[in-house]
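Asks: Mind having a look at this structure? Questions to follow.
The values are calculated or read from the model by the stated rules, or taken from the named source; none is laboratory data. Bear in mind that the values here come from a model prediction, so they are computed numbers and not experimental data. Cβ placement follows ideal geometry from the backbone for every residue including glycine, while neighbour counts extend to all protein chains displayed. Ligands, DNA and RNA are excluded from the accessible area calculation, which covers all protein heavy atoms including side chains. Shrake-Rupley method; radii C 1.70, N 1.55, O 1.52, S 1.80 Å.
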Amino acid sequence: MMRMRRMWPWALSLAALSPAQASPPVKPDGERVAISPADPACSPVENWRCLCVGTPGTATAQLAEIGVDLNALKTDGWPCVQGDFDKDGQPDYAFPGKGYSCNGSVPVRVLFTKDGKVREVLALPREVSCLQLYGIRSKPGPHGVPKTARQGLVDWGEGNATWVYLFNGKKWRASRHLSESP
C-alpha cells in the first residue's frame, strides 16, 4: 500500500506532461488564403485586368458559384482586385465571375481575410463590368465620386454609369455617379 502511495503522484505528473508534449493539431493548408498578384507591376487603380494567383482557402465554394476557374486561379491567375476594404490591415480580394470583361456585367465576391484565413465572403450589391481599386480620397473626386478614408471598388462607366462601392464595416454601399460632364 505504501508503495502505491509513492507511485501515484509520479504517475499523475507523467499524465500531466503527456498532453503538453503532444503537438497541437495542424490545420490543413486548404484553410489558408495564399493569393498574390500575378504581375506585381499591374496597378488595380489603373487597370481592370490585373490577375491574382494562388488559393482562396475556404472560399472555394463561393468563388466556384460565380464561375471563377479555381485551377486557373491556382496556376495562371484570375482577374482580381486586392485592397484593404475593411481597413483592418489585412489583405482583401475582389473576384469577378466567369465572363468578366468591360462588355458585360458579372457578379463579384469579396474575400475578407484575417491572419491568413477567410474571415468573410460578401457579394457586391450589383454586377460589374470594369472593376478597379478605388483609392483613399480626402475630398470628393470628379463628377461627385465620394471621398473615403478606406479603399473601395469602382466600376467606371460611361454617361451616368460609374458605380463606387465602399464597405462600411458591415455591408457594401453602392453609389452611382456621372462619368463625364453632361
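Residue-by-condition table, conditions (1) modelled with pLDDT of 95 or more; (2) within 16 Å of the chain's Cα centre (by Cα); (3) under 19 Å from G169 (Cβ atoms):
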residue	(1), (2), (3)
S43	yes, no, no
T60	yes, yes, no
G67	yes, no, no
D92	yes, yes, yes
R109	yes, yes, yes
F112	yes, yes, yes
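Asks: Also, quick follow-up: Yes or no: the stretch 95-103 includes at least one residue that is more than 27 Å from A161 (Cβ to Cβ), open to solvent by less than 10 Å² (accessible area, probe 1.4 Å), out of contact with any helix residue (DSSP H, G or I) (no Cβ under 7 Å at 6 or more places or on another chain) and at pLDDT 95 or above.
Replies: no
Asks: What is the residue count in the stretch 157-182 for residues that are at negative phi, at pLDDT 85 or above and not β-branched (V, I, T)?
Replies: Our first condition is that a residue be at negative phi; within the stretch 157-182, this holds for 157-158, 160-168, 170-182.
Filter once more, so that each one left must be at pLDDT 85 or above: 162-168, 170-177.
With not β-branched (V, I, T) added as a condition, the list becomes 163, 165-168, 170-177.
Within the stretch 157-182, residues that are at negative phi, at pLDDT 85 or above and not β-branched (V, I, T) number 13.
Asks: Another question, then. What strands (runs of 3 or more DSSP E) lie completely within the stretch 61-165 and have 1 or more residues being more than 21 Å from E46 (Cα to Cα)? I'd like the intermediate steps shown before the answer.
Replies: Numbers: elements: 81-83, 92-96, 108-114, 117-123, 131-134, 152-155.
Where strands (runs of 3 or more DSSP E) fall fully within the stretch 61-165 and carry at least 1 residues being more than 21 Å from E46 (Cα to Cα), they are 108-114, 117-123.
Asks: A follow-up question, please. Could you check the stretch 121-153 and list, in sequence order, the residues that are in contact with a Ser or Thr (Cβ under 7 Å, 6 or more places away or on another chain), closer than 15 Å to C102 by Cβ and open to solvent by less than 40 Å² (accessible area, probe 1.4 Å)?
Replies: V128, S129
Asks: Any idea which of V128, V108, V118, V164 is over 18 Å from W48 (Cβ atoms), in contact with a Pro (Cβ under 9 Å, 6 or more places away or on another chain) and of a type in the set (A, V, I, L, M, F, W, C)? Walk me through it before giving the result.
Replies: Working: V128 fails: over 18 Å from W48 (Cβ atoms); V108 fails: over 18 Å from W48 (Cβ atoms); V164 fails: over 18 Å from W48 (Cβ atoms).
Checking each option against the conditions leaves just V118.
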